[in-house]
Structure formats: structure tokens, C-alpha cells
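This report concerns only the one structure given below.
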Amino acid sequence: MNTENFSCIRYEVTDSLALITINRPEKHNAISLDTLDELHDAVAMAAQDMDVRVIAITGAGGKAFASGSDLNEVADRDLRKALEPIVQGLAQQLEETPKPTIAAIDGICMGGGLEIALGCDMRICTPHSRFGTPEGKLGIIPGGGATARLPRIVGRGWGMEMLLMGNPIDSERAIQIGLVTLIVEQDDLLAEVKRRAEHLASFAPFVPQFMKTMVHQGMEGSKASALAMEKFGQGALVQTEDKVEGIGAFLEKRKPTFKGR
């Protein structure tokens, strides 16, 4: 899909970074089904682009990353539609794409918006950002993966607190519980995303891909199976040309030139 065909998002590639911006500021970037379709397409485009090394998602307008699913659509959602992947499918896509993903959160990050962020490998935010799972107050439960991913990221205690109480938390609490790993000023948010993208682009291409696969898959099984998988992953990478180049460059005190081989 050409970038000009998007109506709910913006898609921009700069150097090694694909920046996807949810662009419905008048709706606090609520996730409509059309928005979701475009997000799927944009993530797929970035995953297939050999020049892209990092995918980042943010929200337009400076007030919201995403306020949640569009309630006008949720109000008409029946059981058949509720059982479709919807937001859960996008979060899964973000987890499974081989490229590192970053949620750059500026403002409200609630409901389905939080669930999209939970599907990303890293989350950073601005000081005025707020996070919550308010679905219980609407007579429903999260359907985009929060009940599975949130406790795995912040622990069962805080996962239960956020899911059951439905009260928002601020950026300071978010970093205390590990929901985000960095708080930056609003004007520095995208600069930090670009800095991280440049840093990750300096690695051998297989490294971030293998790293995130080890973590995501390893957490789904036993520690023994995760350790075995790690050894197989390391065994594959030690046979690459990039491993020879990386160690050689380090010993020769020069910058490596990785080729993804």
C-alpha cells in the first residue's frame, strides 16, 4: 500500500526507522477498525522493507498515543465480531515481526491503545502520559491481550491492580512497575526514538531478530527449554560472517561493517 493511501495513520521511513503515527487527534487517536487495518498494513510494509531496521508507533496531536478502541464501533460489536483478533491480532503482529518495535507514548494510552503498546518490544513515554485498562467500567473486559501481556510485563500484582480497578496510572508509576523504561520530555520523544533506531541499526541484522525471538518464545515455555533455544540461537549466529566481522572489528578497534550474512 502506498503511503498516500493511508487516511487514519501516517507512515514515514527515515534512514533505518519506520515511524507509524496514529493520526486521529480529534478522536484522541481512538482505534477504529479502519485504523487497525492501516496499522496492520503499515507494520507489514515495514517488516518487508529491507532498509527498515526498527518500527516505531506513536500518536499525533501531543495529547494521546491512543485513547482505546473507538467506542462507537464497540457499542455495535456482537459476539461474532468480538471473537475476531482485532487489536489482539495487531499486538501479535508486532511481537512476531522480526524487527524491534518501539511504542513512543505521548499522553493518553488506554484500553486498546495500551494493548498495542504492550505488543511492542520497548515502551517510552512523556511525563504527562497516562495508562489504564478501563474496560471493566464499561461492562466488558480487555480483548486486545491486556489480561495476558500486562501481568507478564509488570507482574501479577500490578497487572491485577490495573485490570481490576481500572484506574489510570501516571508516567512515574509506569516506570516504577516496568511498564515503560524511559521518560523523556515531549520535545525529545521522537529524537529518542531515532537515537534508539540508529543504535539498533548498528548491530548485525540478525541480532535483534534472534534476541526478541528468544525472549518472546522463551517466556512461553520452561526455563530449560528457553536455555536450550538460546544455545541453538547462539550456535546459529556464531557461524555467520557478521560474527567474524564483529569480533574482528572489536579486536582491531574499528567500526564493524555488517552485511546480514
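Every number here is computed from the coordinates shown, using simple stated rules; none is lab data. All values reported here derive from a predicted model rather than from experimental measurement. So basically every Cβ, Gly included, is an ideal-geometry build from the backbone, and we count neighbours across all protein chains shown.
Per-structure values
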{"item": "Candidates PHE206, PHE232, PHE131: whichever shows maximal mean-square fluctuation once the chain is modelled as a Gaussian network with Cα springs under 10 Å", "result": "PHE232"}
{"item": "Efficiency of FRET from Cβ geometry, VAL13 and VAL238, R₀ 35 Å, rounded to 0.05", "result": "0.65"}
{"item": "Rounded to 10°, Cα long-axis angle of helix 223-237 versus longest principal axis of the chain", "result": "50"}
{"item": "Under-5 Å amide H pairs with ILE9, H placed in peptide plane, nonlocal only", "result": "ASN23"}
{"item": "MRE, 222 nm, helices only [DSSP H, n ≥ 4, -39500 (n - 2.57), over the chain, to nearest 500]", "result": "-12500 deg cm²/dmol"}
{"item": "Helix 189-201 vs. the chain, principal-axis angle (Cα, 0 to 90°, nearest 10)", "result": "30"}
{"item": "Histogram of C-alpha separations across the chain, 5 Å bin width, %", "result": "1, 6, 12, 17, 18, 17, 12, 8, 5, 2, 1, 0, 0"}
{"item": "FRET efficiency, 1/(1 + (r/R0)^6) with R0 35 Å, evaluated for ASP34 and MET211 via beta carbons", "result": "0.55"}
{"item": "Global size of segment 206-251 as Cα Rg and Dmax, reported in angstrom", "result": "12.2, 37"}
{"item": "Per-residue HN-Hα couplings for segment 112-129 [Karplus 6.51, -1.76, 1.60; θ = phi - 60°; Hz; x = Gly/Pro]", "result": "x, x, 5, 5, 5, 4, 5, x, 7, 6, 9, 10, 10, 8, 9, x, 8, 6"}
{"item": "Degrees separating the helix 33-48 axis from the principal Cα axis of the chain, which is the longest one", "result": "0"}
{"item": "Where GluC sites (Glu not before Pro) in DSSP loops with at most 15 other Cβ within 10 Å are excluded, longest remaining stretch of the chain", "result": "1-184"}
{"item": "Cβ charges +1 (Lys, Arg) and -1 (Asp, Glu), total dipole of the chain, debye", "result": "860"}
{"item": "Rel. contact order, % - alpha carbon contacts under 8 angstrom, at least six apart, the chain", "result": "15"}
{"item": "Distance cut-off 13 Å, percentage of C-alpha pairs in segment 1-59 lying past it", "result": "55"}
{"item": "Residue-span extension gain [LYS231 to ARG254] - 0.36 nm each, minus C-alpha spacing", "result": "5.5 nm"}
{"item": "Fraction of beta bridges assigned by DSSP in the chain that are antiparallel (%, nearest 5)", "result": "25"}
